[in-house]
Amino acid sequence: QTQKKQFPLHSAGGTTVARRIAVASRVGVQSNKTHSWGGCGMADEDDEDLEGQLEAIEAEVAGLQQQGDDAQAVMGMEQLFVLCIEAFGPNSDKTVEACERLTTSYNTLAMQLVERREFDEAYELLKKAEVLTDDGGCLANDDARRLRLSAVTFNNMGCFFKRRSKLHAALQYLFRALEVELQTEAAENPAATHLNICATFSQMGRHEEALEHAEKAIMQLQAEWDSSDRPTEDHPTNKSFLAMAYHNLAVEQEYLHYWEEARRSYEHAHGLAEQAWGASSPMTTALHKSWMGFQRKKKIAEKKEAEAALRELSSRTARAGISGQIG
């Protein structure tokens, strides 16, 4: 059957992390453009204008982001991070904020590079993000923030390996993400982790396990929905995730020939998609196409099952007739 598409490093402390990031940045993402930081490099210990350097780099990073040069912007954030450690110490609020910003940017840029199939560069950035979220780094005193960013990084690393068809490695990282998410209420989206695990198991042909994680994603989303103070109709993001979760559930039910359950799940996914994105959106159209395709395959499968049952009945009848004649 054609495969359906489903939607340990350690550092001794913040200064060590800064040095490792500074070194890694020299062999990191390559850009077609070169950027001069206007003398805003590593600061000397007796530099009296450190604040000015920080502000200058901040401004240059903002400009690069507006221009869409994310690779150079990330390199600027690396400079900022190292300067913050030297100026304020590894556990200061400024350093922690710079660390969070850099980790987020590593993850964002890495997944953009994965989409462009620039895998070596993407992997380098994700490993840097792992260093920054290590429990011996700058975020060691802010567990909620560190665990949230660690879960994001592990999840993206899982997606990276899934894209490379290294499915066992993908599962290892995705389950690490899930383990981290269970330790903190600050986790961004545990349901998305379950959906990524579902899609990976499905790609491995392990559809019972994929089904289990699709169900867990739905339970997670429903629980978040029910516990929220906001009215149901104000949850477009939740509805869109639920739509994808029900679609993944339907796909696994179809693989397992749970025809009626799959029909209900496809129908529910399409209804949620209409609410989240509108009836004419590309995503709603895609889910409707999947639903109609399932209906056609269901009819063909039911026809084959009926024909097989009829052949079996005819065979039994023929055997019974022969037996009666002998008797």
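The values are calculated or read from the model by the stated rules, or taken from the named source; none is laboratory data. This is a predicted model, so every value here is computed, not measured. Virtual Cβ from ideal backbone geometry, glycine too; neighbours counted across all protein chains shown. Note: areas computed on protein heavy atoms with side chains; ligands, DNA, RNA excluded. Shrake-Rupley method; radii C 1.70, N 1.55, O 1.52, S 1.80 Å.
Select from the stretch 92-121 the residues that are small (Gly, Ala, Ser) and within 19 Å of Gln65 (Cβ to Cβ) and list them in ascending order. Explain how you work it out, then say what you get.
Residues of the stretch 92-121 that are small (Gly, Ala, Ser), as a first pass: 92, 98, 105, 110.
Within the stretch 92-121, Ala98, Ser105, Ala110 qualify.
Residues that are at pLDDT below 75 and part of a helix (DSSP H, G or I) do not occur anywhere in the stretch 26-49.
Take the conditions (1) assigned to a helix (DSSP H, G or I); (2) modelled with pLDDT under 90; (3) surrounded by fewer than 22 Cβ atoms within 10 Å (Cβ to Cβ); Phe241 misses just one of them, which is (3).
Checked against the criterion of being farther than 30 Å from Ser165 by Cβ, open to solvent by less than 70 Å² (accessible area, probe 1.4 Å) and assigned to a helix (DSSP H, G or I), the candidates Ala98, Ala71 yield just one match: Ala98. Of all residues in the stretch 195-216, those that are over 13 Å from Phe154 (Cβ atoms), open to solvent by 20 Å² or more (accessible area, probe 1.4 Å) and assigned to a helix (DSSP H, G or I) total 7.
Scanning the stretch 159-194 for residues that are closer than 23 Å to Trp225 by Cβ and open to solvent by 30 Å² or more (accessible area, probe 1.4 Å) turns up Leu182, Gln183, Glu185, Ala186, Glu188, Asn189. When Gln222 is tested against (1) closer than 27 Å to His257 by Cβ; (2) loosely packed, with under 15 Cβ neighbours inside 10 Å; (3) under 16 Å from the mean Cα position of the chain (by Cα); (4) not small (Gly, Ala, Ser), just one condition goes unmet, and that condition is (3). Consider the stretch 260-287 and keep the residues that are open to solvent by 40 Å² or more (accessible area, probe 1.4 Å) and more than 24 Å from the chain's Cα centre (by Cα). The one that is nearest to Cys198 (Cα to Cα) is Glu261.
A residue that is of a type in the set (Val, Ile, Thr) and under 21 Å from Ala191 (Cβ atoms) occurs somewhere in the stretch 284-303.
The residue of the stretch 284-321 that is modelled with the lowest pLDDT, among those that are within 27 Å of Leu272 (Cα to Cα) and polar (S, T, N, Q), is Gln295.
Restricting the stretch 175-190 to residues that are at pLDDT below 85 and among the aliphatic types (A, V, I, L, M) leaves a set whose member that is nearest to His213 (Cα to Cα) is Ala187.
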